[in-house]
Amino acid sequence: MTSEQNGVAGSGNPYVAVYAQRLDVQGAGHPGTVATLLNVLGHGLSHSAGQDAAAANRPVPSELPPGTGPEGVRLEGDHVDLLAEALERAVALQEEETASHGPDHPRALLATCLLAHALAAADQLDGQLEAAQVLIDDAHDGLVELAMSPGAVDPDAVRIAETLHQWIHGRIEDGDDESDE
């Protein structure tokens, strides 16, 4: 991998392309897609997180909407463990990538998309869908803007942002309270 590719969101994670494909084929609410999301989260988006910036020069993580963290979500029903683990890992990855690279870096924006997916999939009792919408709107717009520069963003990252943006907005417009499509 070249140093230029290393700066591209998702380029160091083999699960990102599989995850994008699962989103297209199975949809964001499918448990198999959430399991693939967990693989992406487990592998991370960059191997250099924590090495790019000295601790004193790290950007501060972006403010997350209230109730975004794992402590703000109550889950019940099928796939509770999967959803809880995905949400916990998504929060940690988003904080790590944002602190390491800054909130407008492609990796931080992709991590924010992953967090939005975990929040929206876990939305059962506490209105996490609205928090997911705030996150996906910001991350989607940032990735689309960065994608105007060739090679700045992995095309799979933009595809993920587009798919999740449509899914979350569709659920809100439909008043959907279920995580399946």
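The values are calculated or read from the model by the stated rules, or taken from the named source; none is laboratory data. No experiment lies behind these values; they were computed from the predicted model shown. Every residue, glycine as well, gets a Cβ built from its backbone with ideal geometry; the counts of neighbours run over all protein chains shown. Heavy atoms of the whole protein, side chains included, go into the accessibility calculation; ligands, DNA and RNA do not. Shrake-Rupley method; radii C 1.70, N 1.55, O 1.52, S 1.80 Å.
Values as computed for the structure displayed
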| read-out | value |
| --- | --- |
| Residue tally, condition open to solvent by 10 Å² or more (accessible area, probe 1.4 Å), under 17 Å from Leu87 (Cβ atoms) and in a loop (DSSP other than H, G, I, E, B), over segment 15-43 | 1 |
| Long-range neighbours under 6 Å by Cβ, at least six apart or interchain, first residue free of Cβ contacts under 8 Å to residues at least 24 places away in the same chain within segment 12-27, second of a type outside the set (D, E, K, R) and open to solvent by less than 60 Å² (accessible area, probe 1.4 Å) | Val18/Thr36; Arg22/Thr33; Arg22/Thr36; Gln26/Gly32; Gln26/Thr33 |
| Meets criteria (part of a loop (DSSP other than H, G, I, E, B), modelled with pLDDT of 50 or more and crowded, with 18+ Cβ neighbours inside 10 Å) for Gly12 | yes |
| Segment 58-106, subset modelled with pLDDT under 50 and of a type in the set (A, V, I, L, M), residue nearest to Val153 (Cα to Cα) | Val60 |
| Failed criterion for Asp52 (all others in (1) at pLDDT below 55; (2) within 17 Å of the chain's Cα centre (by Cα); (3) of a type in the set (Asp, Glu); (4) surrounded by 15 or more Cβ atoms within 10 Å (Cβ to Cβ) hold) | (2) |
| Qualifying residue in segment 137-151 (condition: over 16 Å from Thr33 (Cβ atoms) and in contact (Cβ under 8 Å) with a residue 60 or more places away in the chain) | yes |
| Among (1) more than 12 Å from the chain's Cα centre (by Cα); (2) open to solvent by 40 Å² or more (accessible area, probe 1.4 Å), the one test that Gly142 misses | (2) |
